[in-house]
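Student: Structure in structure tokens, see below.
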Amino acid sequence: MGRWVAARVFWLLGACAYLTPLLILNALIQTLRKQKTFSSLTLAGFSVVCLAATSSLMALAASWFAAPLESGGGVLGGGLASGLANALGGVGAFLVSAAIALVSAQFVFSVRWSHIAHIVGDMVKQDLQKWQRSRAELKTALARAPQGDAAVKDTIGLTAAAREPVEIIEKPAHKTRHAPSVQPMRAEKNGRFELPPLGLLHPPPTGTSTGKPLESEIKTAILDLERTFQDFQIEARVSGWAPGPVITRYEVAPAPGVKISSIVTLQNDIALALKAKGIRIIAPIPGKAAVGIEIPNARPALVVLRDVLESSAIAPDAPLLTFALGLSSSGQPLAADLQKMPHLLVAGATNSGKSVFIHSLILSILYRARPDEVKFMLIDPKRLELTFYEGIPHLFDPITPADKVSVITNPKEAANSLANLVKIMESRYQRFQLYGARNIDGYNKEAEKRGEKREYFIVVVIDELADLMLVAGGKVEDNIQRLAQMARAVGIHMVLATQRPSVDVITGVIKANLPCRVAMQVISQIDSKVILDVMGAETLQGRGDMLYRNAGAQIPERCQGAYVNEEEIARIVEHLRGQGKPDYPELETMPKPGEADLASFGVTPLEFSQALKLVLERRRVSQDLLKSQFGSSARATNLLSLLEVKNLIHKPEGSNRWEIHFDEIADCLSRDFPQVPLNDNRN
């Protein structure tokens with residue numbers, strides 16, 4: 001039976017008989033599908049037309065080799081080819097047969113020739129760009145070769161053409177290295193201080209660890225996306241894609257009349273079809289008539305800080321407070337200027353990469369700025385992250401002398417330091433007004449003309465804002481609000497970080513004055529809206545994957561933060577410690593000798609002098625007495641503890657009465673507070 005059927009099919013169609021099983025299988029698949037493109041009768045008709053046109057082409061091809069028409073296309077193909085050739089000529093018969101075969105195949109197999117042409121066009125375009133870059137690299141190599149050395153030029157000419165194209169394919173364009181982004185002229189102003197070399201940081205990973213998906217993976221993702229749209233009867237196609245280190249963004253162009261909301265509602269269905277951990281939809285992409293769908297890569301790349309510091313994103317003449325953000329979703333290096341922000345809010349869940357981002361920001365500035373140009377006021381209530389920077393010459397605290405300055409870990413001391421930083425801000429405004437300067441840059445130019453000392457930038461970094469708000473919320477919030485509103489012009493900038501993005505920590509007052517924000521991975525959409533005012537941070541992948549929202553931007557930009565480990569931080573800090581110790585003049589906000597103990601107990605000099613005078617006049621001391629005078633049990637307890645620490649009162653063991661040293665109290669008043677009038681009641 002098989003031989004009998006095969007003989008007659010080959011007699012009718014010739015070599016095209018091999019297409020018959022393929023067309024029958026395709027018809028069965030189309031029939032079994034729940035959503036068919038055509039009816040069974042229409043599909044069968046197009047299949048027959050495709051088979052006939054292809055047999056005609058095969059017959060015409062056989063005639064080119066002087067073979068009988070029937071040997072290529074059988075009786076059917078030979079008859080069709082003969083008739084078309086007599087009517088239209090050989091070329092005309094071929095063009096008509098080819099056109100009918102392509103059109104019918106498009107309907108039978110659901111082939112989109114425009115999509116295939118788009119893919120081929122992109123491949124040709126990429127090859128042309130790679131060839132042009134190779135030519136440019138070759139010209140650069142020839143230009144740098146020693147003049148007159150024919151052997152070197154011949155070697156470059158013979159090998160560069162073969163080796164450079166491969167290197168260009170493996171090495172992205174942004175990896176073009178330049179000298180470290182540090183201005184030598186600035187470093188020469190202080191000959192004893194040497195900025196850290198880039199060799200202290202790990203080099204960027206090489207080889208295949210770029211994280212970008214393979215071409216086959218991209219094609220598969222495009223087919224899955226378009227199949228998902230077709231299953232839900234949405235007319236849309238993938239018009240472009242941008243592979244990055246962690247995610248790949250696909251641009252989807254909907255047909256006219258298709259609502260964007262119909263694509264946004266398919267977020268979970270698209271994630272299921274692509275087997276992705278989570279996707280993010282940008283509807284629409286700003287400046288484009290397309291919807292962006294960000295899909296995580298199967299192999300995320302490691303982005304290191306040195307990769308961004310060596311790139312063109314941070315030029316040698318960039319502002320001092322420029323820091324590395326990381327790599328964009330398309331793999332391009334990103335940097336930002338803290339001076340223009342002018343403050344930054346960073347929030348995200350635990351282990352999302354928040355602290356690593358803070359380290360990369362601090363190190364980016366330390367790599368470019370001397371201690372007399374930028375100083376850091378570091379507040380770390382957790383005592384875990386910022387304590388790495390103990391002893392670097394860039395440390396600053398408005399209430400601590402330079403020889404005793406350290407990272408602030410006590411929340412009460414941090415609140416006191418922020419309050420005194422507000423006084424520094426007000427003092428600078430008064431001085432700038434006398435110089436007729438509107439900002440710190442204008443003041444420094446005028447100071448140089450007068451031969452006076454320049455002012456330095458102050459960067460305040462708070463690693464855990466939630467702990468600070470818990471201990472002294474009202475005072476901290478008020479000071480942060482004042483600094484956020486006014487400190488930009490005088491060179492004071494804040495970086496606030498928290499792992500608890502709730503409305504009682506990131507209050508409306510703080511958000512209103514911090515338009516620039518970075519969101520790491522969070523748990524819920526509510527947390528994302530608290531940080532960014534939009535959703536999306538809940539779909540991030542963690543480990544430095546973040547959304548960066550600049551002032552005025554409607555849609556945050558996705559990027560992968562730069563990674564630094566503890567070993568790199570330790571090497572850089574050790575290098576900086578060897579360059580000197582913290583150094584800044586005594587400030588008016590620093591307590592005078594004897595007042596440092598008062599500040600640690602939360603007591604002002606006026607309160608302490610009043611308490612001493614009260615005890616001396618009443619000839620007794622108790623918590624009730626101090627509470628009646630100062631109206632607070634907590635303040636009375638602090639004053640009692642302070643008097644006991646200074647050995648002005650003493651409670652013997654086993655007794656409940658205070659022993660008062662009146663002579664020492666009188667001496668303390670006359671020595672430290674001579675302005676307080678005393679009645680000598682020692683006897």
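Student: Among the residues of region 613-648, which ones are basic (Lys, Arg) and modelled with pLDDT of 85 or more?
Tutor: 613, 618, 619, 620, 627, 635 - these are the residues of region 613-648 that are basic (Lys, Arg) and modelled with pLDDT of 85 or more.
Student: Separate question: Pairs under 9 Å by beta carbon, first residue under 11 Å from residue 93 (Cα atoms) in region 45-63, partner of a type in the set (Asp, Glu) and part of a helix (DSSP H, G or I), six or more apart or different chains?
Tutor: Matching pairs, first to second residue: 59/70.
Student: Further question: Is there a residue being in contact (Cβ under 8 Å) with a residue 60 or more places away in the chain, buried (at least 18 other Cβ atoms within 10 Å of the Cβ), out of contact with any His (no Cβ under 9 Å at 6 or more places or on another chain) and assigned to a loop (DSSP other than H, G, I, E, B) anywhere in region 285-299?
Tutor: Yes, there is a match, as at least one residue in region 285-299 is in contact (Cβ under 8 Å) with a residue 60 or more places away in the chain, buried (at least 18 other Cβ atoms within 10 Å of the Cβ), out of contact with any His (no Cβ under 9 Å at 6 or more places or on another chain) and assigned to a loop (DSSP other than H, G, I, E, B).
Student: A further question follows. Show the residue pairs meeting these rules: Cβ distance below 9 Å; 6+ apart or different chains; first residue within region 213-227 and within 17 Å of residue 244 (Cα to Cα); second residue part of a helix (DSSP H, G or I) and of a type in the set (Val, Ile, Thr).
Tutor: So the pair list comes out as 219/119; 222/119.
Student: So, of the residues in region 542-563 that are free of Cβ contacts under 8 Å to residues at least 40 places away in the same chain and assigned to a strand (DSSP E or B), which turns out to be farthest from residue 357 (Cα to Cα)?
Tutor: My answer is 549.
Student: While we're here: Can you tell me how many residues within region 491-541 are in a helix (DSSP H, G or I), at pLDDT 85 or above and over 10 Å from residue 347 (Cβ atoms)?
Tutor: 5
Student: Now, a different point. Going by what's in this entry, would residue 237 be described as buried (at least 16 other Cβ atoms within 10 Å of the Cβ), basic (Lys, Arg) and part of a strand (DSSP E or B)?
Tutor: Considered against the rule, which asks whether it is buried (at least 16 other Cβ atoms within 10 Å of the Cβ), basic (Lys, Arg) and part of a strand (DSSP E or B), residue 237 comes out as yes.
Student: Name every residue in region 523-549 that is farther than 24 Å from residue 301 by Cβ and surrounded by fewer than 19 Cβ atoms within 10 Å (Cβ to Cβ), in order of residue number.
Tutor: Scanning region 523-549 gives 523, 524, 525, 526, 529, 533, 534, 535.
Conditions (1) at pLDDT 90 or above; (2) of a type in the set (Asp, Glu); (3) under 22 Å from the mean Cα position of the chain (by Cα), marked per residue:
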| residue | (1), (2), (3) |
| --- | --- |
| 199 | yes, no, no |
| 204 | no, no, yes |
| 233 | no, no, no |
| 285 | no, no, yes |
| 289 | no, no, no |
| 297 | no, no, yes |
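Student: Determine which single condition residue 574 fails, assuming it passes every other condition in (1) in a helix (DSSP H, G or I); (2) crowded, with 16+ Cβ neighbours inside 10 Å.
Tutor: Only one criterion is unmet by residue 574, namely (2).
Student: Within region 642-669, track down each residue that is on the phi < 0 side of the Ramachandran plot and either loosely packed, with under 12 Cβ neighbours inside 10 Å or touching an Asp or Glu at 6+ places or on another chain (Cβ under 6 Å) (or both).
Tutor: Correct list: 648, 650, 652, 653, 655, 656, 657, 659, 663.
Student: Need the failing condition index for residue 80 against (1) of a type in the set (A, V, I, L, M); (2) in contact with a Gly (Cβ under 6 Å, 6 or more places away or on another chain); (3) modelled with pLDDT of 80 or more, just the number.
Tutor: Status for residue 80: all satisfied but (2).
Student: Among (1) crowded, with 18+ Cβ neighbours inside 10 Å; (2) within 25 Å of the chain's Cα centre (by Cα), there is one condition residue 469 misses while meeting the rest; what is its number?
Tutor: The failed condition is (2).
The values are calculated or read from the model by the stated rules, or taken from the named source; none is laboratory data. Keep in mind that what you see is a predicted model, and the values were worked out from it rather than measured. With ideal geometry, Cβ positions are generated from the backbone for all residues, glycine too; neighbour counts draw on all protein chains shown.
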